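Worksheet: one structure, shown below.
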Amino acid sequence: MKKVNGYQIIEVFEKWSPKKLAFERDPIGLHIGQLNRHVNKVLVTLDVNEQVIDEAIEQEANLIIAHHPPIFRPLKTIWTDTPQGKMIEKCIKHDIAVYAAHTNLDIAKGGVNDMLADRLGITDTEPIEETSSEHLVKLAVFCPQTDADQLRKELAAAGAGAIGDYVGCSFSSHGIGRFTPVDGANPTIGEVGEPTSVDEERIEVVFPESLQPKVIKALFAAHPYEEPAFDLFKMQQKINVHGIGRVGRMSEEMTLKQFAEHVKNAFKVPALRFVGDPETSIRKVAVLGGDGNKYITAAKRKGADVLVTGDLYYHVAQDAQSLGLAVVDPGHNIEKIMIEGVARNLSKLCNEMKYDIEFIESKVNTEPFQFLF
């Protein structure tokens with residue numbers, strides 16, 4: 001097994017939950033400490049407070065991966081007699097780095113919202129609201145038949161022609177290419193001033209828009225012509241679609257009251273709130289971890305019968321009633337599901353890399369609310 005540092009651990013993590021998925025101004029990434037030190041244990045937690053730091057010290061973990069950023073707003077001062085100052089001081093004294101993955105982990109495939117949906121038994125999911133995607137681009141390039149195989153190979157190496165579980169996908173049609181080199185040309189085929197015709201292939205491949213510079217560079221490097229002829233078409237089809245929240249279907253229809261009980265049991269919460277007629281039929285469910293007040297309209301547009309989210313505001317609850325959307329609020333702390341999920345997934349990924357690292361699930365209860373029954 002290989003000894004690793006923090007950068008190597010975070011590199012594995014960010015392949016799963018890349019920073020680019022995060023909302024603008026979301027303070028993700030390294031908050032405290034440094035990553036260029038050897039790491040042997042990683043503590044995974046929902047929140048970071050002094051008790052969690054004490055837990056990391058006791059467990060001898062030197063990296064913490066958290067969902068909620070411990071420094072949400074820029075600090076002007078660090079007073080070590082305040083709770084936040086004490087926490088930062090302990091991290092520095094004990095060489096503990098703290099890294100936060102917030103909305104990028106919410107949005108990532110297999111991230112927080114997928115974990116919540118899986119726990120509820122929601123299937124055939126899609127995002128409540130799309131946050132990022134890219135279009136496919138089609139390249140059509142004309143090439144002498146004698147060079148077509150090599151050009152296809154180089155385009156595939158640049159990422160063109162990958163569709164689902166298949167690579168090297170392309171389509172070719174045959175025809176005659178005609179051109180006349182003029183003064184200043186250095187033709188691969190033909191002579192200056194002489195009309196020329198060549199047996200050519202039209203090669204068509206598709207690729208994500210983000211790969212366009214790389215694919216075009218490969219095209220010019222591999223094409224035998226001094227001036228290759230090609231077309232680019234931006235397609236309507238999207239790939240790499242990511243979004244916030246999930247909406248899908250339950251395997252069995254139930255009443256809102258039954259569904260609220262299901263949510264309570266699934267997330268092991270002592271109590272919850274819900275909005276709507278208890279006898280309303282529930283089949284299509286939207287779920288969004290954390291504060292989902294902004295997404296009641298988007299959930300309704302997706303055809304959801306109910307939205308499961310936290311921190312529901314009084315007037316937003318009334319708005320949901322007016323829309324005919326039921327809401328179940330089991331609280332913000334259900335996002336703690338990410339502790340087990342992140343630890344399990346990173347353990348698997350790091351084992352595949354032969355990394356000598358242990359992931360520890362935080363046992364500190366960071367739920368601030370108590371309930372009176």
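Condition first: part of a strand (DSSP E or B) and without any contact (Cβ under 8 Å) to a residue 40 or more places away in the chain. Now tell me which residues in region 1-36 satisfy that. Answer for region 1-36, where residues must be part of a strand (DSSP E or B) and without any contact (Cβ under 8 Å) to a residue 40 or more places away in the chain: just Asn5. Being without any contact (Cβ under 8 Å) to a residue 40 or more places away in the chain, surrounded by 14 or more Cβ atoms within 10 Å (Cβ to Cβ) and in contact with a Gly (Cβ under 9 Å, 6 or more places away or on another chain) is a description that applies to Cys169. Given the options Leu139, Leu151, Leu232, name the one that is out of contact with any Phe, Trp or Tyr (no Cβ under 8 Å at 6 or more places or on another chain) and surrounded by 15 or more Cβ atoms within 10 Å (Cβ to Cβ). Checking each option against the conditions leaves just Leu151. Of the residues making up region 206-229, those that are touching a Phe, Trp or Tyr at 6+ places or on another chain (Cβ under 9 Å) and assigned to a helix (DSSP H, G or I) number 4. Within region 182-205, the only residue that satisfies the criterion of being assigned to a strand (DSSP E or B), of a type outside the set (Lys, Arg), open to solvent by 40 Å² or more (accessible area, probe 1.4 Å) and in contact (Cβ under 8 Å) with a residue 24 or more places away in the chain is Asp199.
Under the condition of being buried (at least 18 other Cβ atoms within 10 Å of the Cβ), in contact with an Asp or Glu (Cβ under 7 Å, 6 or more places away or on another chain) and among the aliphatic types (A, V, I, L, M), the residues counted in region 235-266 number 3. Taken over region 331-344, the criterion of being touching a Gly at 6+ places or on another chain (Cβ under 7 Å) and not hydrophobic (A, V, I, L, M, F, W, C) is satisfied by Gly331, His332, Glu335.
Taken over region 22-36, the criterion of being touching a Phe, Trp or Tyr at 6+ places or on another chain (Cβ under 8 Å) and open to solvent by 20 Å² or more (accessible area, probe 1.4 Å) is satisfied by Pro27, Leu30, His31, Asn36. Residues that are of a type outside the set (Phe, Trp, Tyr) and in a helix (DSSP H, G or I) occur in region 157-174; there is at least one.
The values are calculated or read from the model by the stated rules, or taken from the named source; none is laboratory data. The structure displayed is predicted, hence computed values, not measured ones. Heads up, the Cβs are rebuilt from the backbone with ideal geometry, glycines too, and the neighbour counts pull from every protein chain shown. Each accessible area value is taken on the protein alone, full model and side chains, heavy atoms only, with ligands, DNA and RNA left out. Shrake-Rupley method; radii C 1.70, N 1.55, O 1.52, S 1.80 Å.
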